[in-house]
Amino acid sequence: MEKIKRYFLPESEIPTEWYNIQADMKTKPQPPLNPVTRQPMKAEDLYPIFAKECSNQELNMTDRWIPIPEEVREMYKYYRSTPLVRAYGLEKALGTSAHIYFKNESVSPMGSHKLNSAIPQAYYCKQEGVTNVTTETGAGQWGASLSYAASLFGLDAAVYQVKISYEQKPYRRSIMQTYGAQVTPSPSMSTRAGKDILTVNPNCQGSLGTAISEAVELARTTPNCKYTLGSVLSHVTLHQTVIGLEAEKQMEMAGEYPDMVIACFGGGSNFGGISFPFMRHKITGVPGKTHTRFIAAEPASCPKLTKGKFCYDFGDEAGYTPLLPMFSLGHKFQPANIHAGGLRYHGAGVVASQLLKEGLMEAVDIKQLESFEAGCLFARAEGIIPAPESCHAIAATIREVKKLKPGEEKVILFNLSGHGLVDMASYDKYLSGDLINYELTDNDIRKNLDEIGNLA
Ligand SMILES: *Cc1c(COP(=O)(O)O)cnc(C)c1O
């Protein structure tokens, strides 16, 4: 019998609703707190910064299914469904009896999953009469996705890009500019947050935390301007559940159900996106579907899930954002300059943090060299050069395969969050032996954590 390698859904089977795991969680996440008064925030309190619909989704604890607007579904159809691929090549390279599948989100026009949330966020802004959107970006994947989505709906986009990435990754900047976005290296003199930092340290190379502070400040001080975020928040992860909902149907076509679901973890949106639709069966106790393990793979140099602390912390360096209950390394934590730029964030999404606390998911940390070694093995076996972020999911998959007994036929599903074709400078460094592992001492971690224990 011929083996099927890729599973697609017809357009009519593309999900019409996103899955809101908050409705099924037995213990709901604690609310965000106002950064000044420390009082719980309601959706209305988020309206000045985010689109109203996104604010409502963020705190929606009751509706399990949220309709995907028709205009958004129409845009999804340009690249969805994304293929579910049986990784026969990787299985062979590893000599395993495990059945390995990956969901290939790298086929979006932007090369990663981020467009799944950029489209609805831009759409809701347009619906609500907003004319300008702003955001921050590190490596540039989110900034590029938002720039494109903004152009689709006729919005002006202003992106603050972490200065070191702006200089080191000029192609992602050109991508954003090609879509018509205005890109500013952060820290900049255009905001108070940026000025404050540059006054103290004129050579500051920037961080995501600082860039967020600048983008939020611009949204607050510009009429008809909203801030958008590419990860961490619950509504972003909600939009990403289109990945797992499709994968669930595609796994059914393959006649299998995953024993493990694995994804890399920056703020948690692609992890939640592929995991939560499967996790709903575990939470609600569907027979035969409660055994699945959910594994988040984070970089050893930014280990909020495996070594961080669960507490209220700010999402940005300046402390403008609401305080969020999450696993964090502290909002002043400056991660080493690893090449998986999308995983260099100090905090984990609120929902994933609560699920980890309850033992519904697990986390592993992966060193930089192990991640690229896995990425190169995957590239040679499957032909796709994975994004440095996605390499972490592949490395975690390989680790699990190596733990299996000979002949054990476990079904593993991982998310290929993006391709690495705009990240070849990182592969260059790895191949020429110039990449290093960054070791974090307990002291490095404790230093920033001591400060946040008493924020709320
Ligand atoms: C941004 C990004 C990530 C990390 O973000 P999450 O919200 O944790 O998914 C992972 N992979 C790629 C390719 C990215 O662009």
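The values are calculated or read from the model by the stated rules, or taken from the named source; none is laboratory data. Just so we're clear, the structure is a prediction, and the values are computed from it rather than from any experiment. FYI the Cβ positions are ideal-geometry reconstructions off the backbone, even for glycines, and counts take in every protein chain you see. Ligands, DNA and RNA are stripped out before the accessible areas are found, and what is left, the full protein with its side chains, is counted by its heavy atoms. Shrake-Rupley method; radii C 1.70, N 1.55, O 1.52, S 1.80 Å.
Do we have Asp365 as farther than 23 Å from Pro258 by Cβ, of a type in the set (Asp, Glu) and either open to solvent by 10 Å² or more (accessible area, probe 1.4 Å) or not in a strand (DSSP E or B) (or both) here?
For Asp365, the condition - farther than 23 Å from Pro258 by Cβ, of a type in the set (Asp, Glu) and either open to solvent by 10 Å² or more (accessible area, probe 1.4 Å) or not in a strand (DSSP E or B) (or both) - is not met.
Which condition number does Lys126 fail, the rest of (1) in contact with a Leu (Cβ under 9 Å, 6 or more places away or on another chain); (2) of a type outside the set (Val, Ile, Thr); (3) free of Cβ contacts under 8 Å to residues at least 24 places away in the same chain being met?
Failed condition: (3).
Quick one: would you say Pro48 is open to solvent by 20 Å² or more (accessible area, probe 1.4 Å) and either within 16 Å of the ligand (Cβ to nearest atom) or outside the structural domain of Pro325 (by TED's automatic domain parsing) (or both)?
yes
Of a type outside the set (Gly, Ala, Ser), open to solvent by 10 Å² or more (accessible area, probe 1.4 Å) and either within 16 Å of the ligand (Cβ to nearest atom) or under 25 Å from Phe276 (Cα atoms) (or both): does that describe Ile385?
For Ile385, the condition - of a type outside the set (Gly, Ala, Ser), open to solvent by 10 Å² or more (accessible area, probe 1.4 Å) and either within 16 Å of the ligand (Cβ to nearest atom) or under 25 Å from Phe276 (Cα atoms) (or both) - is met.
May I ask you to list the residues in the stretch 220-260 that are of a type outside the set (S, T, N, Q), within 16 Å of the ligand (Cβ to nearest atom) and farther than 30 Å from Arg86 by Cβ?
Scanning the stretch 220-260 gives Leu229, Val232, Leu233, His235.
Out of curiosity, is Gly244 buried (at least 19 other Cβ atoms within 10 Å of the Cβ), modelled with pLDDT of 95 or more and closer than 17 Å to Leu356 by Cα?
no
Considering Gln22, Gln57, Gln30, which residue is assigned to a helix (DSSP H, G or I) and over 25 Å from Thr134 (Cα atoms)?
That would be Gln22, the only listed residue that is assigned to a helix (DSSP H, G or I) and over 25 Å from Thr134 (Cα atoms).
Quick one: in the stretch 287-307, which of the residues that are over 17 Å from Glu370 (Cα atoms) and charged (D, E, K, R) is least open to solvent (accessible area, probe 1.4 Å)?
Lys304
Which condition breaks for Ser165 when tested against (1) modelled with pLDDT of 95 or more; (2) among the polar types (S, T, N, Q); (3) within 14 Å of the ligand (Cβ to nearest atom)?
(1)
Taking Glu400 as the residue in question, decide whether it is open to solvent by less than 50 Å² (accessible area, probe 1.4 Å), within 16 Å of the ligand (Cβ to nearest atom), charged (D, E, K, R) and out of contact with any Pro (no Cβ under 7 Å at 6 or more places or on another chain).
When the stated conditions are applied, Glu400 does not pass them.
Which of the residues that make up the stretch 333-362 are more than 14 Å from the ligand (Cβ to nearest atom), part of a loop (DSSP other than H, G, I, E, B) and not aliphatic (A, V, I, L, M)?
Listed by number, the residues that qualify are Phe333, Gln334, Asn337, Glu358, Gly359.
Name the one entry in Ala93, Ala122 that is over 23 Å from the mean Cα position of the chain (by Cα), more than 16 Å from the ligand (Cβ to nearest atom) and not in a loop (DSSP other than H, G, I, E, B).
Going through Ala93, Ala122 in turn, the sole match is Ala93.
Every residue, every condition in (1) more than 17 Å from Ser234 (Cβ to Cβ); (2) among the hydroxyl-bearing types (Ser, Thr, Tyr), yes or no:
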| residue | (1), (2) |
| --- | --- |
| Ala318 | yes, no |
| Leu324 | no, no |
| Gly330 | yes, no |
| Arg344 | yes, no |
| Ala348 | no, no |
| Leu355 | no, no |
| Met361 | no, no |
| Lys367 | yes, no |
| Ser371 | yes, yes |
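So if I check each of Gly138, Gly154, Gly194, which one is within 16 Å of the ligand (Cβ to nearest atom) and not basic (Lys, Arg)?
Just a single option satisfies the conditions, and that option is Gly138.
Suppose the filter is within 15 Å of the ligand (Cβ to nearest atom), farther than 27 Å from Ala150 by Cβ and either part of a strand (DSSP E or B) or in contact with a Cys (Cβ under 8 Å, 6 or more places away or on another chain) (or both); does Ala297 pass it?
Yes, satisfied.
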